[in-house]
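One structure below.
The values are calculated or read from the model by the stated rules, or taken from the named source; none is laboratory data. Note that the structure is a prediction, hence the values are computed from the model and not measured. When we count neighbours, we look across all protein chains shown, and the Cβ atoms used for this are built from the backbone with ideal geometry, even at glycine. These area figures cover heavy atoms from the full protein model, side chains too; ligands, DNA and RNA do not enter into them. Shrake-Rupley method; radii C 1.70, N 1.55, O 1.52, S 1.80 Å.
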Amino acid sequence: MLDAISLKILKILQDKARIPNVEVARQVGLAPSAVLERIRKLEKQGFIDGYEVRLNPRRFRRSLVGFIHVTVESSPKAKNVAALLAGIEEIQEVHFVTGDDGYLAKVRVAGPAELDTLLRERIRSIPGVSSTRSQIVMSTVKETARIPIDVLDLRKETAS
């Protein structure tokens, strides 16, 4: 079960994953060794999946964000569509969605021409893909991988 200190550690790490352990310890009022032990336990229990660096997409000519709805055929050859989409470097996320059963992919590319090439040459050529529908993001108001940490909900979840 998560206690208030572990939740505070998770919040601190989510804000700044590269924060020194000594600073986390200072903020939560524990010894650095106790904080390190808690972090390792949180990793082992699956509360922390990993750590990553967020790069500035403009510095890598990846400023265009697009969402592509990929409709798949109902045939055996469509079973590998998700894995093949996930293997495309420009695709950041792949989600199986309701509605017209299919996948929603988030892509990051240099511009419209690269998006067109990606659609024509790589996505639509996947066996089992019957159609695509794309949208280009005009501006982004919020983009995050952070998860809201609600103390009450987490206590209920970890207790069961």
Legend entry - Odd one out for LEU85 among (1) of a type in the set (A, V, I, L, M, F, W, C); (2) over 23 Å from ILE126 (Cα atoms); (3) in contact (Cβ under 8 Å) with a residue 24 or more places away in the chain: (2)
Inset, instruction - For region 1-35, name all the residues that are open to solvent by less than 70 Å² (accessible area, probe 1.4 Å), aliphatic (A, V, I, L, M) and more than 15 Å from ILE149 (Cα to Cα). - result: ALA17, ILE19, VAL24, ALA25, VAL28, LEU30, ALA31, ALA34, VAL35
Inset, instruction - Please give the number of the condition SER74 fails out of (1) more than 27 Å from GLN14 (Cβ to Cβ); (2) in a loop (DSSP other than H, G, I, E, B); (3) open to solvent by less than 100 Å² (accessible area, probe 1.4 Å); (4) at pLDDT below 95. - result: (3)
Inset, instruction - Please specify each residue of region 10-27 satisfying the condition of being hydrophobic (A, V, I, L, M, F, W, C) and within 17 Å of ASP49 (Cβ to Cβ). - result: LEU10, ILE12, LEU13, ALA17
Inset, instruction - Report, ordered by the first and then the second residue, all pairs with beta carbons closer than 6 Å, sequence separation of six or more or different chains, a first member in region 40-61 that is open to solvent by less than 100 Å² (accessible area, probe 1.4 Å), and a second member that is in a helix (DSSP H, G or I). - result: ILE48/LEU42
Legend entry - Check on VAL94, buried (at least 19 other Cβ atoms within 10 Å of the Cβ) and either in contact (Cβ under 8 Å) with a residue 60 or more places away in the chain or more than 15 Å from HIS69 (Cβ to Cβ) (or both): no
Inset, instruction - Could you run through region 97-120 and say how many residues are open to solvent by 70 Å² or more (accessible area, probe 1.4 Å), at pLDDT 95 or above and not charged (D, E, K, R)? - result: 2
Legend entry - Looking only at region 125-142, and only at residues there that are open to solvent by 60 Å² or more (accessible area, probe 1.4 Å) and touching a residue at least 24 places away in the same chain (Cβ under 8 Å), the one that is nearest to ASN80 (Cα to Cα): PRO127
